Amino acid sequence: MSYDAPIKELGETSLLPEGTTANDITETIAGVTENAAPRGWWFLFLLSLSVLGAMTAALAYLFVQGVGVWGNNAPIYWAWDITNFVWWIGIGHAGTLISAILFLFRQKWRTSINRFAEAMTVFAVLCAGLFPAIHTGRPWFDYYLFPLPNQMDMWPNFKSPLMWDVFAVSTYLTISVIFWYVGLIPDFATLRDRSKNLTRKRIYGFFALGWRGAHRHWQHYERAYLIFAGISTPLVLSVHSVVSFDFATSVVPGWHTTIFPPYFVAGAVFSGFALVMTLMLICRSIFKLQNIVTIRHLDLMNKFMLGTALLVGYAYAMEFFIAWYSSNPYEQWVFFHNRLGWGQLDSKGNWGPLWWAYYAMVFCNVIVPQVFWFKRARTSVPIMLIASVLINIGMWFERFVIIVTSTYQDFLPSSWGMFHPTAIDILTYLGTFGLFFTLFLLFVRWIPMIAIAEVKGNLPGAHPDMHAIQAHDEAPDAVGAPVPAE
Amino acid sequence: MANATKKPALYLAEYETPNAIAQAAMKVRDAGYKNWDCHTPYAMHGMDEAMGLKPTRIGVLSFIFGMLGVAIAVALIQYTNAFDFDLLNIGAGYPLIVGGKPPGAFPSMVPIMFELGILLCGFATLFGLLGIIKLPMHNHPIFASDRFEAATDDKYFISIEAGDQKFDLDRTRALLEATNPTYIELVEAEVL
């Protein structure tokens, strides 16, 4: 038995069904890119492309008219644009968590889902980056964000958390793309070597960089992969911490709290796992990958969601405790009136108008995931599909609650207002799904959506048993004879 | 090219199991070859030892460039936000006082120092990796073998290149045959 085989005494079993061979894995995963697309793929692709087209129209209208086409106005200067930004970037974080943090913890089950989650990261960060880029209504001035020498001697203000965001998000996108691509090189080589026609061979061959699986390459490659995992882990924590600084460094009640960085990171991982789950369940059934992404993988992901749901629930409760404990009337107003809807703080006894958003958030993010305490729910595909969709809705509401209920009624009652989304707001948000799914569907169709080389490395007996070989070679009469297979 | 002459480029031996290739690799290692390699569909653990490879030092590069990124961030922020002299005629900085903090305040620099450190570390790791393993190299004699296509699927190969000082058509073949491969091929390359 080699050292990385499942330990039977601990009740560990092989991650893939008994008897799966390396060739089965290649056939299953590479086959998706080689066979004709299922009809469902075409339907979803054309739908996504249409939604993307609608978003382009909404953006064109925004650029012509200015940001007045959105519902943002005093006192709510930030609304759906930053809600969507934080939501999308949070979605991306699960990808990095699965590919980097679980790699550092040697969680081998990640290999069945990491490629998929990394792709999701890249596309989600692209969708997220769209909002800061367009929210000024003048995207052609976006280069002002970068410290470029100019004739006006004007430089960015590096003390602003919004500036930190620019660096954090662009670094995150760059490193995620590099990490993703480095992981893909051996799999592109697999596709190249299976190609029947020259065009395919040339395109995959180009991206495979001439990879020939040499161990002198693998040796450095594995260390580089470890370094990427090592730098991505603090990076992903820093990105959402910096995103939370956009709020936490201000003095707005409901934002000015020190719990924000860990609270945002936990929420990000939570929502990202939920989206990986939703997409994985769909792809797994369309492309028949049940043997590679097994119920056991899904069970482990559900446990993760339950854990992060508890963290998020703790943060929600702690915010209320601190609002009460601080004795700060503005904090208490935001939490008890604007969010919880308690009318007794209002002289007229009215409920806050956005209370329903808070309850929707608590229901989806704290109550729904509690079903995952039960093994039956963790292994039931319909339950996890519904729960993961609800969690994503809940996480969108979390950001909406934080942003809008804090700003629509803050310090001065004379400057209170209300936010109403416009059709362009809604179209832009829905449109990002078009962008995301268009890219995602192209990815599942043309790029191996599961890390072929990494999954093979997890097969039982995939690595030589050095102890057996040494013991075998020390017996003098046996030198030269092959070590029997396990 | 019809008149192109060919010369031997490398020997290729195919194995079915991880144990078989590890055992064979130890023999090639002990025979003193330098210019040879194992080709596997995934990173196989234990082969560093079987091939007698030194540990990789790619991390040194990542560390140096990561620290360089941190230094660049400090220089950039201090130059643009804390001083007002014009270096190399790229435009003078402008000391900014925000929130009553001094223009060169350290704590607000930390996030960008961190991010630029990570960014440069990532680029150094990527390009360092490609530089060390000498990729991209789209044309290699080993691709002339049809059998080699299984190296990215489920077969394990050892290649010994003709450039090795100990390479000899007969003796190298005999060595590989003694390692119980399922197949041996002499791969040739065209001489231009």
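Residues to consider are B:Ala24, B:Ala31; find the one that is touching a Leu at 6+ places or on another chain (Cβ under 7 Å), farther than 20 Å from A:Ile227 by Cβ, in the same structural domain as B:Asp168 (by TED's automatic domain parsing) and of a type in the set (A, V, I, L, M, F, W, C).
Every option except B:Ala31 fails the conditions.
Please verify whether A:Leu47 is surrounded by 14 or more Cβ atoms within 10 Å (Cβ to Cβ), touching a helix residue (DSSP H, G or I) at 6+ places or on another chain (Cβ under 6 Å) and more than 25 Å from A:Val293 (Cα to Cα), treating the condition exactly as stated.
For A:Leu47, the condition - surrounded by 14 or more Cβ atoms within 10 Å (Cβ to Cβ), touching a helix residue (DSSP H, G or I) at 6+ places or on another chain (Cβ under 6 Å) and more than 25 Å from A:Val293 (Cα to Cα) - is not met.
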Need the failing condition index for B:Asp37 against (1) more than 9 Å from chain A (Cβ to nearest Cβ); (2) part of a strand (DSSP E or B), just the number. (1)
Only one of these is surrounded by fewer than 21 Cβ atoms within 10 Å (Cβ to Cβ) and within 11 Å of another protein chain (Cβ to nearest Cβ): B:Ile97, B:Ile64. Name it. B:Ile97
I'd like to verify a number: residues in the range B:140-172 that are farther than 15 Å from A:Ala214 by Cβ and not in a helix (DSSP H, G or I), how many? 8
Report, by residue number, each residue of the range B:1-22 that is surrounded by 23 or more Cβ atoms within 10 Å (Cβ to Cβ) and of a type in the set (S, T, N, Q). B:Asn19
Does any residue of the range A:177-187 turn out to be facing another protein chain (nearest Cβ under 9 Å), under 26 Å from B:Pro41 (Cβ atoms) and of a type in the set (D, E, K, R)? yes
Tell me, which residue of the range A:23-43 that is without any contact (Cβ under 8 Å) to a residue 60 or more places away in the chain and within 25 Å of the chain's Cα centre (by Cα) is farthest from A:Val455 (Cα to Cα)? A:Phe43
Count of residues meeting criterion [free of Cβ contacts under 8 Å to residues at least 24 places away in the same chain and in contact with a helix residue (DSSP H, G or I) (Cβ under 8 Å, 6 or more places away or on another chain)] in the range B:57-71: 1
Residue by residue through the range A:26-44, note down the ones that are surrounded by 13 or more Cβ atoms within 10 Å (Cβ to Cβ) and not in a helix (DSSP H, G or I). A:Ala37, A:Pro38
Filtering the range A:211-243 down to residues that are polar (S, T, N, Q) and either within 16 Å of A:Pro186 (Cα to Cα) or free of Cβ contacts under 8 Å to residues at least 24 places away in the same chain (or both) yields A:Gln219
Picking from B:Ala13, B:Ala24, the residue that is in contact with a Pro (Cβ under 6 Å, 6 or more places away or on another chain) and not hydroxyl-bearing (Ser, Thr, Tyr) would be B:Ala13
Within the range B:123-151, residues more than 26 Å from A:Ala22 (Cα to Cα) and touching a residue at least 40 places away in the same chain (Cβ under 8 Å) come out as B:Phe123, B:Ala124, B:Thr125, B:Gly128, B:Leu129, B:Ile132
The condition of being outside the structural domain of B:Thr179 (by TED's automatic domain parsing), over 20 Å from the mean Cα position of the chain (by Cα) and touching a residue at least 24 places away in the same chain (Cβ under 8 Å) holds, among B:Ile97, B:Ile77, only for B:Ile77
Test: A:Arg223 is more than 7 Å from chain B (Cβ to nearest Cβ) and more than 22 Å from B:Met113 (Cα to Cα): no
For the range B:100-118, how many residues are of a type in the set (A, V, I, L, M) and in contact with a Phe, Trp or Tyr (Cβ under 8 Å, 6 or more places away or on another chain)? 3
For B:Leu120, the lone unmet condition from (1) under 18 Å from the mean Cα position of the chain (by Cα); (2) surrounded by fewer than 20 Cβ atoms within 10 Å (Cβ to Cβ); (3) more than 9 Å from chain A (Cβ to nearest Cβ) is (2)
Given the range A:349-461, what helices (runs of 4 or more DSSP H) lie entirely inside it while holding 1 or more residues that are touching a residue at least 60 places away in the same chain (Cβ under 8 Å) and surrounded by fewer than 19 Cβ atoms within 10 Å (Cβ to Cβ)? A:375-378, A:381-407, A:423-446
Selection count where residues are facing chain B (nearest Cβ under 8 Å), among the aromatic types (Phe, Trp, Tyr) and either assigned to a helix (DSSP H, G or I) or closer than 30 Å to B:Thr152 by Cβ (or both), scope the range A:140-176: 2
The residue from B:Asn89, B:Asn81 that alone is modelled with pLDDT under 90, farther than 30 Å from A:Ile231 by Cβ and within 9 Å of another protein chain (Cβ to nearest Cβ) is B:Asn89
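The values are calculated or read from the model by the stated rules, or taken from the named source; none is laboratory data. None of the values given here were measured: they were computed from a predicted structure. Here Cβ is always computed from backbone atoms with ideal geometry, including for glycine, and neighbour counts include all displayed protein chains.
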